[in-house]
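Below is one structure, written out as structure tokens; comments come after it.
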Amino acid sequence: MTGAALHERLAAACAELAGLPVQRDEPMARHTTLGIGGPADALVTAADEASVTRVLAAAARHGVPLFVLGGGSNLLVGDGGIRGITLTLAGALAELVVLEEGRRIEVGAAASFPRLAQVALSQGWPPAVGWFGTPGQVGGALVMNAGTRQGEIGDVVSEVRLASADGTERRLRPACGFGYRTSAFPPGAVLTSAVLQCDSHKSSEVEALTVMAHEQLNRRRATQPKQRSAGSIFKNPPGDFAGRLVEAAGLKGYAVGGASISDVHANFIVNTGGAVARDVVAVAEHARTVVRDRFGVELEWEVRRVGEHQ
């Protein structure tokens with residue numbers, strides 16, 4: 001599709017979305033934890049499920065690409081920006097409700113994942129210890145099955161509500177394909193909310209769980225960089241740690257432009273100031289090559305790369 005054809009289709013799709021907030025040519029650097037990213041053609045905000053359905057239907061009807069933006073962590077947007085519609089969720093889709101005396105939580109995909117972790121912990125949910133300190137929104141946490149060995153969000157998912165690419169809504173029950181940093185939601189679907197259930201919650205253990213969570217958070221803060229990043233750049237290979245391999249390869253501090261492998265934790269690439277996406281990719285690919293040549297291990301990206309990379 002030529003640029004002119006996409007422009008016409010995008011204009012027609014946006015015209016159908018009258019009444020929804022639409023920002024044209026919105027810099028994605030404002031919306032990512034790395035502070036990097038070219039402009040989105042159109043950033044559309046949906047505050048309820050009906051609005052999400054409208055956006056999906058309009059994009060499908062006019063053949064316009066669609067990307068769903070969460071909290072902007074674990075994300076590298078290309079310097080060329082994102083073509084088509086970038087959808088972000090807000091309003092009712094950010095709500096969180098505790099039910100059944102703390103045994104069940106209904107939460108919107110746009111809710112803060114740190115807030116969910118805090119609320120679940122206050123209800124005595126042991127898996128929430130593993131969520132503490134992870135940024136972003138609940139939708140992204142579900143897609144990436146966020147958490148640590150102390151607990152992942154997939155451990156307590158009872159149901160996920162989503163809107164499909166054809167504009168219909170459906171409920172997906174536990175078979176979500178959760179694994180290490182992965183899930184199996186239908187391609188093109190947009191997660192709108194989830195029901196979480198923890199049968200092992202114990203209000204009497206809140207204090208002990210809170211201590212454990214804060215100890216973990218303090219360890220993270222002591223061992224992770226304070227500069228802007230997207231979180232862990234690589235997935236841990238089976239039986240090892242990506243950061244250990246990158247550090248053993250002597251790559252701490254390796255830099256291209258404004259992007260550098262952190263001196264604090266080698267599985268983080270930080271924006272030291274003025275970094276662009278191609279700097280981050282260059283640093284990461286150099287690390288992958290060196291680790292592969294030296295240790296025979298193929299590191300896999302954990303950070304999602306979207307948009308046009310130049």
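State which residue pairs qualify: first residue within 19 Å of residue 278 (Cβ to Cβ) and inside segment 19-36, second residue in a strand (DSSP E or B) and charged (D, E, K, R) in any location, beta carbons under 8 Å apart, and separation of 6 or more residues or different chains.
Close Cβ pairs satisfying both conditions: 33/228; 34/228; 35/228.
Any residue in segment 294-302 that is surrounded by fewer than 22 Cβ atoms within 10 Å (Cβ to Cβ), assigned by TED's automatic domain parsing to the domain that holds residue 229 and in a strand (DSSP E or B)? Spell out how you get there, then give the answer.
Of segment 294-302, the ones surrounded by fewer than 22 Cβ atoms within 10 Å (Cβ to Cβ) are 294-298, 300-302.
Those still in the list that are assigned by TED's automatic domain parsing to the domain that holds residue 229 too: 294-298, 300-302.
Applying the additional criterion that residues be in a strand (DSSP E or B) yields 301.
Yes, segment 294-302 contains a residue that is surrounded by fewer than 22 Cβ atoms within 10 Å (Cβ to Cβ), assigned by TED's automatic domain parsing to the domain that holds residue 229 and in a strand (DSSP E or B).
Residue pairs, Cβ under 9 Å, 6 or more apart or interchain, first in segment 276-291 and under 14 Å from residue 253 (Cα atoms), second surrounded by 21 or more Cβ atoms within 10 Å (Cβ to Cβ) and hydroxyl-bearing (Ser, Thr, Tyr). List them.
That search, which allows pairs on different chains as well, returns 279/260; 283/260.
Take segment 223-263 and flag every residue that is closer than 21 Å to residue 297 by Cβ and of a type in the set (D, E, K, R).
Selection gives 235, 240, 244, 247, 252.
Of the residues in segment 252-265, how many are in a loop (DSSP other than H, G, I, E, B) and either free of Cβ contacts under 8 Å to residues at least 40 places away in the same chain or of a type in the set (S, T, N, Q) (or both)? Spell out the reasoning first.
Narrowing segment 252-265 to residues in a loop (DSSP other than H, G, I, E, B): 252-254, 257-258, 262-265.
Subsequent filtering for residues that are either free of Cβ contacts under 8 Å to residues at least 40 places away in the same chain or of a type in the set (S, T, N, Q) (or both) retains 252-254, 257-258, 262-263.
Total meeting the criteria: 7.
For segment 197-220, state whether one or more residues are out of contact with any Gly (no Cβ under 8 Å at 6 or more places or on another chain) and under 26 Å from residue 66 (Cα atoms).
The answer is no; no qualifying residue exists.
Residues of segment 228-250 being part of a loop (DSSP other than H, G, I, E, B) and surrounded by fewer than 17 Cβ atoms within 10 Å (Cβ to Cβ), which ones? Before you say what the answer is, go through the steps one by one.
Taking segment 228-250 and keeping what is part of a loop (DSSP other than H, G, I, E, B), we get 230-233, 235-241, 249-250.
Answer for segment 228-250, where residues must be part of a loop (DSSP other than H, G, I, E, B) and surrounded by fewer than 17 Cβ atoms within 10 Å (Cβ to Cβ): 235, 237, 238, 239, 240, 241, 250.
Output the qualifying pairs, or none if there are none: Cβ atoms under 6 angstrom, residues six or more apart or on different chains, first residue in segment 112-124 and modelled with pLDDT of 95 or more, second residue among the β-branched types (Val, Ile, Thr).
Close Cβ pairs (under 6 Å, with a partner that is among the β-branched types (Val, Ile, Thr)) amount to 113/134; 113/138; 116/107; 116/138.
Going residue by residue through segment 217-225, is there one that turns out to be modelled with pLDDT of 90 or more and closer than 30 Å to residue 170 by Cα?
Checked segment 217-225: no residue is modelled with pLDDT of 90 or more and closer than 30 Å to residue 170 by Cα.
If you check 283, 270, which single one turns out to be aliphatic (A, V, I, L, M), under 22 Å from the mean Cα position of the chain (by Cα), assigned to a helix (DSSP H, G or I) and buried (at least 19 other Cβ atoms within 10 Å of the Cβ)?
Numbers: 270 fails: assigned to a helix (DSSP H, G or I).
After ruling out the rest, the residue left standing is 283.
State all residues of segment 146-183 that are aliphatic (A, V, I, L, M) and exposed (fewer than 13 other Cβ atoms within 10 Å of the Cβ); if no residue qualifies, say none. Explain how you work it out, then say what you get.
At the first step, the residues of segment 146-183 found to be aliphatic (A, V, I, L, M) are 146, 153, 156-157, 160, 162-163, 165, 172, 175.
Within segment 146-183, 175 is the sole residue that qualifies.
Quick check on this structure: which one of 44, 98, 64, 77 is at negative phi, crowded, with 24+ Cβ neighbours inside 10 Å and without any contact (Cβ under 8 Å) to a residue 60 or more places away in the chain? Don't jump to the end; show me each part of the working.
On the way: 98 fails: crowded, with 24+ Cβ neighbours inside 10 Å; 64 fails: crowded, with 24+ Cβ neighbours inside 10 Å; 77 fails: without any contact (Cβ under 8 Å) to a residue 60 or more places away in the chain.
When all the criteria are applied, what remains is 44.
The values are calculated or read from the model by the stated rules, or taken from the named source; none is laboratory data. Computed from a predicted model, the values in this text were never measured in an experiment. Please note: Cβ atoms are built from the backbone with ideal geometry, for glycine as well, and neighbour counts cover all protein chains shown.
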